[in-house]
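The values are calculated or read from the model by the stated rules, or taken from the named source; none is laboratory data. The structure presented is a predicted model; accordingly, all values stated were derived computationally and were not measured. Cβ atoms come from the backbone with ideal geometry, glycine included; neighbour counts cover every protein chain shown. Surface areas here come from the heavy atoms of the whole protein model, side chains and all, with no ligands, DNA or RNA. Shrake-Rupley method; radii C 1.70, N 1.55, O 1.52, S 1.80 Å.
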Amino acid sequence: MRKTKSSSIEMSKEEFRKIGYQLIDSVSDFFDSIEERPVTPNESSSQIRDLLENTSLPENGQEGAGLVSKTTDLLFDHSLFNGHPKFLGYITSSPAPMGALADLLASAVNPNVGAQILSPMATAIEKQTIQWLCEFIGVQPSYGGILVSGGNMANFTAFLAARTAKAPKSIKEEGMNSADKLAIYCSKTTHTWIDKAAILFGFGSNAVRWIPTDISNRMDTVALELTIKEDLANGYKPIMVVGTAGDVSTGVVDNLSELAAICKKHDLWFHIDGAYGAPAAVVPNQKHHFEGMEEADSIALDPHKWLYSPLEAGCTLVKNPQHLIDTFSSNPEYYNFNTNQGEITHNFYEYGLQNSRGFRALKVWLTLQQLGRKGYEKLISEDIALSELLFKLAIKHPNLEAISQNLSITTFRYIPSSETNKETYLNKLNEEILNQLQAGGEAFLSNAMVDEKYCLRACVVNFRTTEKDMEEIIEIVIKVGKAAHTKLSQHEEK
């Protein structure tokens with residue numbers, strides 16, 4: 001038995017085991033009963049706040065077992081559950097139980113995965129995880145990268161690498177004032193991260209060229225090339241094209257091969273935002289959507305989306321990892337991180353924005369091994385099939401209009417049968433239906449605007465969802481839709 005100083009924060013082996021077993025039992029019961037709970041309790045902020053009894057910082061400490069028990073009840077009784085089989089809202093997956101255990105283990109060791117000397121095994125595991133993710137989506141394992149918090153940070157990391165590679169070299173010393181008028185190109189459906197990046201990293205929002213989409217909602221490559229040529233003629237310096245592999249509203253994948261060819265022709269950085277959709281490349285009958293992805297200079301993908309990892313787990317992959325080092329590496333004299341018995345060290349602080357980094361990779365690494373490629377093929381294929389089923393059910397129902405289906409995202413809307421309705425009313429009605437669905441606790445969907453139609457949007461990245469859930473969601477939407485129409489139409493008549 002080790003000797004230790006007396007400390008109020010330390011736990012004895014017996015106390016830690018008792019509280020840990022109690023917590024694991026509670027979590028096990030939660031996983032087993034999650035489908036019997038409401039998706040969300042729909043409590044107001046003030047109601048939630050009132051549940052937290054301590055209005056100021058406690059003066060004295062409290063016993064650990066009671067604290068954990070009370071907190072478990074607070075979270076299990078007053079949370080939205082993205083692991084619920086009828087949660088098909090935003091692109092947050094049901095978290096793999098293996099990932100939850102991995103987070104506990106990672107926290108216990110608590111490595112700082114910023115420098116190899118501080119995290120020898122964790123660094124090796126993250127490097128292997130990145131290699132496996134490359135193989136998973138079908139690009140060369142020679143790509144390098146880093147795990148980050150999520151899609152915004154994954155895309156930001158790639159964006160900064162592109163700036164270093166393609167903007168004038170003086171930008172590091174002189175800043176953006178020394179640069180030409182830089183231009184970035186993306187589809188009008190690209191996630192809002194691109195706006196944030198342009199503003200935060202000195203380009204300005206006017207540097208973003210929002211390219212229209214074609215009839216299939218892909219970026220119009222003819223319009224893209226014309227815009228690039230116009231910018232060149234007007235003295236701008238194009239540096240980057242952003243393609244989307246699974247847009248957040250409808251799941252559409254851009255024509256990546258054509259985008260890659262345009263980037264090669266004009267010497268532009270080709271980035272793919274595959275935060276949601278890229279993992280679907282593992283499914284043989286979906287792989288054709290992702291042709292050209294192997295040509296990308298950088299790719300963003302989020303294991304906490306379609307690889308079922310608990311939050312947070314995003315990833316940036318870069319074809320030439322030296323671009324990350326050129327962008328992020330600094331070596332002040334107080335760092336002593338580059339000695340490793342004559343071997344080259346791999347310090348992740350040189351690959352991204354963080355110096356101190358948690359062990360995000362462990363939950364991804366363990367679940368990749370638990371399922372293997374075939375296991376993920378099966379789960380992702382099932383999610384896509386469920387989305388296709390929902391689309392077919394919407395087609396069949398007289399009060400629903402099926403709008404779009406791509407990857408595992410289906411959009412549809414409720415249409416009353418009693419009369420011909422104007423688009424403005426239908427948009428207002430379906431917005432009200434969505435609000436009631438999100439508050440009701442039976443099912444949770446999100447929204448999308450498709451061809452100026454306000455749609456209900458269901459994104460299946462959930463290993464608990466079944467065909468029965470899809471059938472029941474249709475019933476719930478019809479029930480809520482009828483009630484919302486009755487209430488709204490009466491109000492419109494007044």
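Descriptive notes on the structure:
- Some residue of segment 159-181 being more than 16 Å from Ile272 (Cα to Cα), in a strand (DSSP E or B) and in contact (Cβ under 8 Å) with a residue 24 or more places away in the chain: yes
- Test: Leu51 is closer than 21 Å to Glu312 by Cα, out of contact with any Ser or Thr (no Cβ under 8 Å at 6 or more places or on another chain), of a type in the set (A, V, I, L, M) and free of Cβ contacts under 8 Å to residues at least 40 places away in the same chain: no
- Close Cβ contacts (under 7 Å, 6 or more residues apart or on different chains) running from residues in segment 196-225 that are of a type in the set (Ser, Thr, Tyr) to residues that are open to solvent by 30 Å² or more (accessible area, probe 1.4 Å) comprise Ser205/Asp195; Ser205/Ile199; Thr213/Lys188; Thr213/Thr189; Thr213/Asp220; Thr221/Asn255; Thr221/Glu258.
- Gln140 in a loop (DSSP other than H, G, I, E, B) and at negative phi: yes
- Against the list (1) over 24 Å from Pro303 (Cα atoms); (2) without any contact (Cβ under 8 Å) to a residue 40 or more places away in the chain; (3) open to solvent by less than 90 Å² (accessible area, probe 1.4 Å); (4) not aromatic (Phe, Trp, Tyr), the condition Pro41 fails is (2).
- Where Ala115 falls short, out of the listed (1) in contact (Cβ under 8 Å) with a residue 40 or more places away in the chain; (2) over 26 Å from Ile262 (Cα atoms); (3) under 23 Å from the mean Cα position of the chain (by Cα): (3)
- Residue within segment 263-273 that is open to solvent by 10 Å² or more (accessible area, probe 1.4 Å) and under 23 Å from the mean Cα position of the chain (by Cα) present: yes
- Where a residue in segment 252-280 is without any contact (Cβ under 8 Å) to a residue 40 or more places away in the chain and its partner, wherever it lies, is among the charged types (D, E, K, R), with Cβ under 6 Å and at least six apart: Asn255/Arg218; Ser257/Glu291; Ala260/Glu295; Phe270/Asp297
- Test set (1) within 27 Å of Leu307 (Cβ to Cβ); (2) buried (at least 18 other Cβ atoms within 10 Å of the Cβ); (3) of a type in the set (S, T, N, Q); (4) out of contact with any Pro (no Cβ under 6 Å at 6 or more places or on another chain) - Thr465 fails condition number: (4)
- Matching residues, segment 125-175, being open to solvent by 50 Å² or more (accessible area, probe 1.4 Å) and within 29 Å of Tyr376 (Cα to Cα): Lys127, Gln128, Gln131, Trp132, Glu135, Gln140, Pro141, Ser142, Met153
- Scan segment 450-483 for residues that are in contact with an Asp or Glu (Cβ under 8 Å, 6 or more places away or on another chain) and modelled with pLDDT under 95 and the total you get is 1.
- Those residues of segment 190-224 which are among the hydroxyl-bearing types (Ser, Thr, Tyr), surrounded by 16 or more Cβ atoms within 10 Å (Cβ to Cβ) and in a loop (DSSP other than H, G, I, E, B), in sequence order: Thr190
- The one condition from (1) assigned to a loop (DSSP other than H, G, I, E, B); (2) at pLDDT 95 or above that Asn60 does not meet is (2).
- Per the listing Ile34, Ile24, Ile48, Ile19, the residue uniquely out of contact with any Gly (no Cβ under 7 Å at 6 or more places or on another chain), assigned to a helix (DSSP H, G or I) and at pLDDT 95 or above is Ile24.
- Per-region count, segment 374-410, residues under 25 Å from Ile137 (Cβ atoms), open to solvent by less than 40 Å² (accessible area, probe 1.4 Å) and touching a strand residue (DSSP E or B) at 6+ places or on another chain (Cβ under 8 Å): 6
- Matching residues, segment 66-99, being open to solvent by less than 20 Å² (accessible area, probe 1.4 Å) and among the aliphatic types (A, V, I, L, M): Leu88, Ile91, Ala96
- For segment 189-201, residues that are farther than 19 Å from Ala296 by Cβ, out of contact with any Gly (no Cβ under 8 Å at 6 or more places or on another chain) and either among the hydrophobic types (A, V, I, L, M, F, W, C) or modelled with pLDDT of 95 or more (or both) total 5.
- Only a single criterion out of (1) more than 28 Å from Ala167 (Cβ to Cβ); (2) open to solvent by less than 10 Å² (accessible area, probe 1.4 Å); (3) out of contact with any His (no Cβ under 8 Å at 6 or more places or on another chain) is not satisfied by Gln286, namely (2).
- The lone exception for Phe359 - which of (1) out of contact with any strand residue (DSSP E or B) (no Cβ under 6 Å at 6 or more places or on another chain); (2) assigned to a helix (DSSP H, G or I) it fails: (2)
- Single residue of segment 354-373 satisfying the filter (small (Gly, Ala, Ser) and closer than 19 Å to Pro120 by Cβ) that is least open to solvent (accessible area, probe 1.4 Å): Ala361
- Flag: Phe30 matches the condition of being within 27 Å of the chain's Cα centre (by Cα) and surrounded by 13 or more Cβ atoms within 10 Å (Cβ to Cβ).
- Test: residue in segment 417-439 that is surrounded by fewer than 23 Cβ atoms within 10 Å (Cβ to Cβ), within 26 Å of Gln286 (Cβ to Cβ) and among the polar types (S, T, N, Q): no
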